[in-house]
Protein chains: 2
Amino acid sequence: MSFVPLIETLGRQAREASLTLATADSARKNAALLRLAALLGERAEIIFAANKKDLEAAAAAGLPKPMIDRLMLDGKRLAALAESVRQVAALPDPVGEELERTTRPNGLDIRKIRVPIGVIAIIYESRPNVTVDCAVLCLKSGNACILRGGKEAFETNTALASLIVQALQETGLPAHAVQFVPTADRAALEPLLKLDQYIHCIIPRGGEALIRYVADHATVPVIKHFKGVCTIYVDRDADPALAEKIVLNAKTQRPGVCNAAENLFIHQDVAAALLPRLARALGQKNVELRSDPAALALLKNEAGLKLVPASGEDFSTEYMDLIMAVKIVPSLDAAIADINRYGSAHSDAIVTRDETAAKKFLAGVDSATVYWNASTRFTDGFEFGLGAEIGISTDRLHARGPMGLRELCSYKYVIYGNGQVRE
Amino acid sequence: MSFVPLIETLGRQAREASLTLATADSARKNAALLRLAALLGERAEIIFAANKKDLEAAAAAGLPKPMIDRLMLDGKRLAALAESVRQVAALPDPVGEELERTTRPNGLDIRKIRVPIGVIAIIYESRPNVTVDCAVLCLKSGNACILRGGKEAFETNTALASLIVQALQETGLPAHAVQFVPTADRAALEPLLKLDQYIHCIIPRGGEALIRYVADHATVPVIKHFKGVCTIYVDRDADPALAEKIVLNAKTQRPGVCNAAENLFIHQDVAAALLPRLARALGQKNVELRSDPAALALLKNEAGLKLVPASGEDFSTEYMDLIMAVKIVPSLDAAIADINRYGSAHSDAIVTRDETAAKKFLAGVDSATVYWNASTRFTDGFEFGLGAEIGISTDRLHARGPMGLRELCSYKYVIYGNGQVRE
């Protein structure tokens, strides 16, 4: 069966809704968000009923326990979700902000104004709260959205989407401003990726395979949120206690996220003095160390380490686990070159007291976020003060790093004249 | 023969060069540009010799005269090209500019800094000056570039590229910062479009077929420069003389460019009084009018018009010629809806004395550039004061409308800490 007509209809409806939504005032958008937050409480029973179906199907299909846990919505999670919706309502509206203004010698008054992108498709995997998070950020930024969630959460997502539509309708916003793709069939995905007639941007959120599939098949522009292979580089002039604190935090505070560190590089001049200390601290947190030959030689007599030789792949692998690749580097320049070669240009940090070295690192490391004496774990929309984020872009176009409401916008030039023509 | 190894080599070399170029200081980049401007004079003979080969091949292949003219480089054109290089050298360097800065409650000092995108591939058609224009804008903005020109200008482009490389080498910049694809074989294009390992952005410049091909086949992010189907809407409260002046300028001052107007919409309340006057003025400039039934009825007794019925396609066609589609609309809202439906979201104008109508149009028309009482012909990097442009984006991500040096940049977050870790 072809899903082309269905997807085209969704696209056309989204485009129409986006034109209304683009000029909707902030009060009305916020009213819709607050109504949604209320509905998540008032209508909790329909969400739990839908969620129960998904959980039963997941159990029957033998899904792993962590995945089932991510699917599950209980009262506490629903309350947190409603609270996050209220927080987005309280954020400033990015639409209409004047970004630049110039009057040309011929009198043309050129204003660069922030406007919504238009229609955004979000393609994501199992967690149903993504449905609400993305719908809310798109709505606040004046974008219509088409949501395509994972099949495991299909019933829950459908129920959540019905409440979003109810909130839109009750506040006089177009019902098609948020549409959930009403089929979990894989075949509906490709026509969505190619609908550049109506869709202006696709944001895939999920594992590397999903993002790769979307990037390879889309003709609509994609903003990718790929993996984070983040490195902490401990420089020759690092403060040992600071190095230990930052390495430990970046690796172990929450290993399963993209801004956690995967690599530890250390300058050869301080490796003998400092690496064993760092390794022991990591070892106490149960971190496996995949080490290059020089680091192996230095650490082989330490007791209690999970020490294994690093393979060629290790320095470009996102473990999302208590594993860290360790390498002794001959110089700052070598550290920078290795990060640019093996890393994913997400978030990288230098630990040093040497300002010259730090500035060289900050300029030379070609990553979205570079840190001097801080943990990479701060790469996050909330931590950056953006209020919320739809993801962390690993692309360089449009948005790089955490994407908040402003990054969900484009701009237009609005030009006031009084009869100017081109000579 | 597979061009994959060749293209991969170009990509790897570009990536390496980009890392050096990203931190090159403005003085060195400008020195390279000025050296290139000088070489375009000093070494003119090698360009003319190469250009002669292209022109002979074009004549032998029976290329149309306008195309042969676009291929041709003479002393005057070369001098103008050198002058444009000097102008780019004189522009401010966009790299390193601090876009935002915030200190978080935990003391993290977060700076958002403008940086080059990285590696940009430009894919274009016959005019050889594009080789120099694009190389120079990429160089100034710190981007390495891979240039893929049309086969008709292959010899000229190769000669120009050799001078660019000479200028890079003489000023101590990496020779691979600008690389021209050393084959005109069509089969070299596809591997370039899929080299997202090394290339961060593709900008196609040329006809719709080329841009469509690139957008459909690329996995690298593309910034499209599609067609301009621009509309002048003459409102109920338009000043008649102003309307005539703007319509005439937008249609006839240079019909073969993307910001020329293709459609004329006029409010029904003033059609009888004003459309015949506008039609006569356009007729005197030899413009064919493809008119909807109501406009046909109104104009059928006017002498000397090239009047034909409009087909369904006419209101979404980029003529690039002395042809204009004409339509009488029942209201401002209908004009806005038709522009959003038929136009290409490039540049559209309203002519009116009514501020309320103007503001509704400026907000409601979903185009990159919207004008009140001015010709659409001003949508241009120079006219906007950007100093130069690499094209006019019809996309909504990253850059919309004219793309200057700043739009050839991304940003990164540079974060100064003193031991911050995530709780």
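For segment A:211-262 and segment A:76-143, what is the separation of their Cα centres, given in Å?
Between the Cα centres of segment A:211-262 and segment A:76-143 lies a distance of 26 Å.
5 Å is the cut-off here: which amide hydrogens, built 1.01 Å from N in the peptide plane, fall below it relative to residue A:323, excluding neighbours closer than 5 in sequence?
Amide H to amide H, under 5 Å and 5 or more residues apart or across chains, residue A:323 pairs with A:288.
Counting only DSSP beta bridges with both residues in segment B:230-378, what percent are antiparallel, rounded to the nearest 5?
0 percent
What number in nm² do you get for the protein assembly as shown if you take the convex hull of its Cα atoms and divide its surface by four?
The Cα convex hull of the protein assembly as shown, projected and averaged over all directions, gives 37.7 nm².
For the rotation taking A to B, I'd like to know which residue in chain A has the C-beta closest to the axis, plus that distance in Å.
A:398, 2
Please identify, among B:364, B:228, B:11, the residue showing maximal mean-square fluctuation in a Gaussian network model of chain B using a 10 angstrom Cα cutoff.
For chain B, modelled as a Gaussian network with Cα springs under 10 Å, the answer is B:364.
Determine the relative contact order of chain B: mean sequence separation of Cα pairs under 8 Å and six or more apart, normalised by residue count, in whole percent.
On the way: 855 pairs, mean separation 74.2, N = 423.
Once divided by the residue count of chain B, the mean separation gives 18 percent.
Would you kindly enumerate the cysteines in the protein assembly as shown that have no other Cys beta-carbon under 4.7 Å from their beta-carbon?
That list is A:134, A:201, A:230, A:258, A:409, B:134, B:201, B:230, B:258, B:409.
Hey, in the GNM for chain B with a 10 angstrom Cα cutoff, which one of B:361, B:265, B:384 fluctuates hardest?
Of the options given, B:384 has the highest mean-square fluctuation.
Using the crude model of +1 on Lys and Arg Cβ and -1 on Asp and Glu Cβ, and no other charge, please compute the dipole size for chain A relative to its Cα centre, in debye to 20.
The dipole magnitude comes to about 420 debye.
Using a 10 Å cut-off on Cβ to Cβ distances, tally the other chain neighbours for every residue of A:378-385 and report the average as a whole number.
4
Find every distance from the label point of residue A:406 to the corresponding label point in the other copies (7 Å from Cα along Cα→Cβ) and write them in nm, one decimal, shortest first.
Going from nearest to farthest copy, the values are 1.3 nm.
How many nanometers, to one decimal and shortest first, lie between the label point of residue A:190 and those of its other copies, if labels sit 7 Å from Cα toward Cβ?
1.6
For residue B:74 and residue B:109 in one chain, what is 0.36 nm times their gap in residues minus the Cα-Cα distance, to one decimal in nm? Let's see the in-between values first.
On the way: separation 35, 0.36 × 35 = 12.60 nm, distance 5.39 nm.
In short, 7.2 nm is gained.
Put a label point 7 Å from Cα along the Cβ direction on residue A:306, then list its distances to the equivalent points in the other copies in nm, shortest first.
So the distances to the same position in the other copies read 7.7 nm.
Does anyone have the angle between helix A:240-252 and the longest principal axis of chain A? Alpha-carbon axes, 0 to 90°, nearest 10?
Orientation of helix A:240-252: about 50 degrees from the principal axis.
Extending each Cα 7 Å along its Cβ direction at residue B:186 and residue B:46, get the distance between those two points in nm, one decimal.
3.2 nm
Over segment A:227-297, how many percent of alpha carbon pairs lie in each 10 Å bin up to the one with the longest distance?
20, 57, 23, 0
Picking from A:341, A:400, A:290, which is most flexible by a Gaussian network model of chain A using Cα springs under 10 Å?
A:341
Given the rule -39500 (n - 2.57) for each run of at least 4 DSSP H residues, summed and divided by the residues of chain A, what is its mean residue ellipticity at 222 nm, to the nearest 500 deg cm²/dmol?
After summing the helix terms and dividing by the residues of chain A, the value is -13000 deg cm²/dmol.
Restricting to Cα atoms and excluding each atom paired with itself, what does the Kirkwood estimate give for segment B:230-378 in Å?
Roughly 14.6 Å, rounded to one decimal.
Which FRET efficiency value, to the nearest 0.05, is calculated for residue B:169 and residue B:99 with the Förster distance at 45 angstrom and r the Cβ-Cβ distance?
It comes to 0.85.
In the calculated pair distance distribution of chain B, what percentage of Cα-Cα distances lie above 38 Å?
32 percent
Among the listed pairs A:194/B:251; A:140/B:224; A:300/A:327, which are separated by more than 25 Å between their Cα atoms?
A:194/B:251; A:140/B:224
What list of ³J(HN,Hα) couplings, whole Hz, do you get for segment B:149-159 from phi and the Karplus terms 6.51, -1.76, 1.60, once you set θ to phi - 60° and write x for glycine and proline?
Taking θ as phi minus 60°, the curve returns x, x, 5, 5, 10, 4, 5, 5, 4, 5, 5 Hz for segment B:149-159.
Return the percentage of antiparallel bridges among DSSP beta bridges fully within the protein assembly as shown, rounded to the nearest 5 %.
Beta bridges within the protein assembly as shown, antiparallel portion: roughly 25 percent.
Rounding to the nearest 10 and keeping the result within 0 to 90°, find how far the Cα-based axis of helix B:208-217 lies from the longest principal axis of chain B.
Compared with the principal axis, the helix lies near 50 degrees.
Quick one: divide the alpha-carbon radius of gyration of segment A:133-177 by 2.2 N^0.38 Å and tell me what you get.
1.14
What is segment B:1-143's relative contact order, in percent, from Cα pairs under 8 angstrom and six or more apart in sequence?
Over segment B:1-143, the number comes to 32 percent.
None of the figures in this text is laboratory data; all of them are computed from the coordinates on show. Being a predicted model, the structure only gives us computed values, none of them experimental. When we count neighbours, we look across all protein chains shown, and the Cβ atoms used for this are built from the backbone with ideal geometry, even at glycine.
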